[in-house]
Amino acid sequence: MTSAIAESLRSGEHLLVQAGTGTGKSLGYLSPALTVDGPVVISTATLALQSQLVDHDLPRLAEAVRPLLGREPTFAVLKGRHHYLCVAKLEHAGDAEEEPQAGLFDATVAETGPAKTKTVWIGEAGRLGKQFDRLRDWAAKTDTGDRDELDPGVDDVIWRQVSMPARECVGASRCPYGQECFAEASRARAREADLVVTNHSLLAVDMMAGRQIVPPHKLLIIDEAHELADRVSSATQAEMTAEAVDRTARASRSYIEPEDHASLQEAADALTLGLVETPAGRLQSGLPNVLHEACTLIDGATSRALRQIGEVKADDPDPVRKQQAKATLTELNATAQRLLAAADYDVAWVEHEPRRALVVAPLSVAGLLAEKLYEERTVVATSATLTLGGTFEPVARSLGLIAKTPPAPDAAAKAPVGTLPPKKEKPPAEHNELPWTSLDVGSPFDYAKQGILYVAAHLPRPAASGLPDAAAEELLALIEALGGRTLGLFSSRRAAQQAAELVRMKTDHTVFLQGDEALPLLVRKFRADKASCLFGVMSLWQGVDVPGDACQLVVIDRLPFPRPDEPLAAARSAAVDDVGGSGFASVSVPIAAVRLAQGVGRLIRSTSDKGVVAVLDSRLETARGYGAFLRKSLPPFWYTTKRDVALAALKRLGAD
């Protein structure tokens, strides 16, 4: 991997590297990064990997190479502005005009002496108020203002009071507290560092902002690259809620005419009505009349308000709040116009849970990535999950490296999913607009000897949501054969709850259910109790690391295809269907392949681990085409569909 990255730096070819768990891929890409003249940027998807790099890998590497370089390389973490304490916001936190919930910081005051008082917080406001007091104490001592260094942490509702989203920031030169800005200080440190660690979301914002945030660099390393397209989609997504419109009206009230403030409030009421009358789901035929009218009102009201506010100047009485008002108005205005335009490359839908919202997102980000990601730098994308069905092509296409789909529409509709070219084959030159190559470095694990992939092919095809009776009985038998030590990955919250209730009722095993407590705490308890089970949903499918014999059975209740009501996946499938291809094969199957590979990867975490992955969805064996494609996307476990073989293996493990 190190050699391949060095060659990419020499040739300018972009590189996709699949590096399985345990390969030491972080040191594999950090080492050649130190040969680059100028900063190198490493982007990750999760805070866990960011912490691993900054707290463990980079300090060890920097110390190790000091004798060779004659100095110790420097590194810095770069996060979005909202991760840092904003001194300007802290000065006004809790003001009634700042947030609608003025009662958030309400308190009673009791005398404790002739000239002394103490604040006594009450109820839920009391819990939050105590957090706010602790945050103020921390603010007086912190050197970085980084939320991740605040331990114990505070609720999001508190942090929003003292952090500044980038769009609302007036800029250091116009802010009275610009010299004290923690976010600006973090950017200054990043500009001086040899290695800069950031995240996919900020990388996406940087691309859309014309590369004004991340320092200029020649090498970009994207770890957890299978997550990048989704994170970019989220960064380019916009939404409107009635609460946001109402909040914007309050924030801008001091800077606009009363009639325009009233217009914004009327627009909020219109949006509330439209969201109530419109069922949740994708808007396939454009905005219905009630939502079109609401967006038109919002567009007009925000446009007039923005003209009145004009340019925010440093000598304004309160430039920070004025900029906040202008930023929220600008965002609402842009979202309303985007929804009214109803462009073919956007997808719009209505959500009712967890709150009523009108949402718009791009149909695809591959074009954006092709245009913005690769220019004037070499990109190395790596992950344990980059080959799907035995080829890099699906991921390369999602990352914008392949501009067109090679098969003709009729061929794409008929071709089985598993018949893509081998991973070492390059696409035809006319379809490969950007120079790239790929490498699968393999794994240090002997999957065929360390693990079994058992597919319960005798079970009926899953239909209704939740956990079917036959699958529940199979789950119980597998857990009992091993004696606990089970990580259950479920497709829905309902299925996880049903499984937990069943195992608690039928066995003596402790079951930790995601949502009952904070996830890190549940994982620690699961790791410590070898007779226990940990059940949960999609966020458990990746990032959970439990090596050793505490987790020797991973159970997956069904293949993780996107739900039919997932608006983006459904729209992308329909777009492929419309040109004669198979949306299911091109969109749903690759999504399921990545999710399944991530879930299966929870089992073998070290060279001494042993265990069984049990998939309670017979389609992984019986489905022609995509069943084989999904199996090719998984580590090469010893494969069986025989129930007695799986149970016997688990009993042997349980007896050890």
Suppose every Lys and Arg Cβ carries +1 and every Asp and Glu Cβ carries -1, with no other charges. What dipole size does the chain come out with about its Cα centre, to the nearest 20 debye? 1800
Pairing the Cα long axis of helix 469-482 with the longest principal axis of the chain, what angle in degrees results, from 0 to 90 and rounded to the nearest 10? 70
Could you compute how much accessible surface SER398 exposes when probed at 1.4 Å, giving the result in Å² to the nearest 10? 50
So how far, in whole Å, is the C-alpha centre of the stretch 130-194 from the one of the stretch 511-575? 33
Round to the nearest 0.05 the FRET efficiency obtained for ALA172 and THR607 when R0 = 41 Å and r is the Cβ-Cβ distance. 0.25
Ignoring ligands and nucleic acids, ARG189 exposes an accessible area, probe 1.4 Å, in Å² to the nearest 10, of 110
Consider the candidate values [x] 26.7, 87; [y] 24.7, 78; [z] 25.8, 81; state which one is Rg and Dmax of the Cα atoms in Å computed from the structure displayed. [x]
What's the angle, to the nearest 10 degrees (0 to 90), between helix 493-506's Cα axis and the longest principal axis of the chain? 60
For the stretch 321-401, the percent of accessible surface on carbon and sulfur atoms (probe 1.4 angstrom, ligands and nucleic acids excluded) is 50
Ordering THR622, THR510, THR236, THR486 by how much accessible area each has at a 1.4 Å probe, largest first, what is the list? THR622, THR510, THR236, THR486
Carbon-plus-sulfur fraction of the accessible area of the stretch 168-266, 1.4 Å probe, in percent? 45
For the stretch 207-338, what class follows from the C-alpha gyration tensor (a ≥ b ≥ c being the square roots of its eigenvalues): rounded when a/c is under 1.5, otherwise prolate if a/b is larger than b/c, else oblate? oblate
Please state, as a whole number in µm²/s, the translational diffusion coefficient that the Stokes-Einstein equation yields for the stretch 596-656 at 20 °C and 1.002 mPa s, with Rh defined as the Kirkwood radius across alpha carbon pairs. 166
Tail beyond 11 Å, pair distance distribution of the stretch 136-184 (Cα, percent): 74
Where does each of ASP246, ASP565 land when they are ordered by accessible area, with a 1.4 Å probe and the largest first? ASP565, ASP246
Show HIS226, HIS82 ordered by accessible area, largest first, where the area counts protein heavy atoms only and the probe is 1.4 Å. HIS82, HIS226
Counting helices only, and only those DSSP H runs with n ≥ 4, report the 222 nm mean residue ellipticity of the chain as the sum of -39,500 (n - 2.57) divided by its residues, in deg cm²/dmol to the nearest 500. -13000 deg cm²/dmol
Restricting the stretch 237-316 to GluC sites (Glu not before Pro) in coil, as DSSP defines it, with at most 13 other Cβ within 10 Å: GLU311
As I understand it, the dipole of the chain uses +1 on the Cβ of Lys and Arg and -1 on the Cβ of Asp and Glu, about the Cα centre. Which of TRP159, VAL579, TYR345 lies farthest toward its positive end? VAL579
Counting only the heavy atoms of the protein chains, how much of TRP638 is accessible to a 1.4 Å probe, in Å² to the nearest 10? 130
Pairs to check: LYS89/LYS313; LYS89/LYS130; LYS141/LYS525; LYS130/LYS313; LYS218/LYS632; LYS525/LYS651. Give those whose C-alpha atoms are more than 27 Å from each other in this structure. LYS141/LYS525; LYS130/LYS313; LYS218/LYS632
With the full set of protein chains in place, find how many percent of the accessible area of the stretch 526-586 is carbon and sulfur; take the probe as 1.4 Å. 57
Between the alpha-carbon centers of the stretch 470-499 and the stretch 279-295, tell me the distance in whole angstrom. 41
Can you work out the accessible area per residue across the chain, with the rest of the protein chains kept in place, probe 1.4 Å, in square angstrom? 46
Expressed in angstrom and rounded, the centroid-to-centroid distance over alpha carbons for the stretch 315-375 and the stretch 579-656 is 38
Kindly express, to the nearest 10 degrees and within the range 0 to 90, the angle between helix 567-578's C-alpha long axis and the longest C-alpha principal axis of the chain. 60
Points 7 angstrom from Cα along the Cβ direction at LYS651 and THR507: gap in nanometres? 1.5
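The values are calculated or read from the model by the stated rules, or taken from the named source; none is laboratory data. Just so it is clear, the structure is predicted and the values come from calculations on it, not from any experiment. Positions of Cβ are backbone-derived with ideal geometry, glycine not excepted, and every protein chain shown enters the neighbour counts. The protein model used for the area step is the full one, side chains on, heavy atoms only, and it has no ligands, DNA or RNA in it. Shrake-Rupley method; radii C 1.70, N 1.55, O 1.52, S 1.80 Å.
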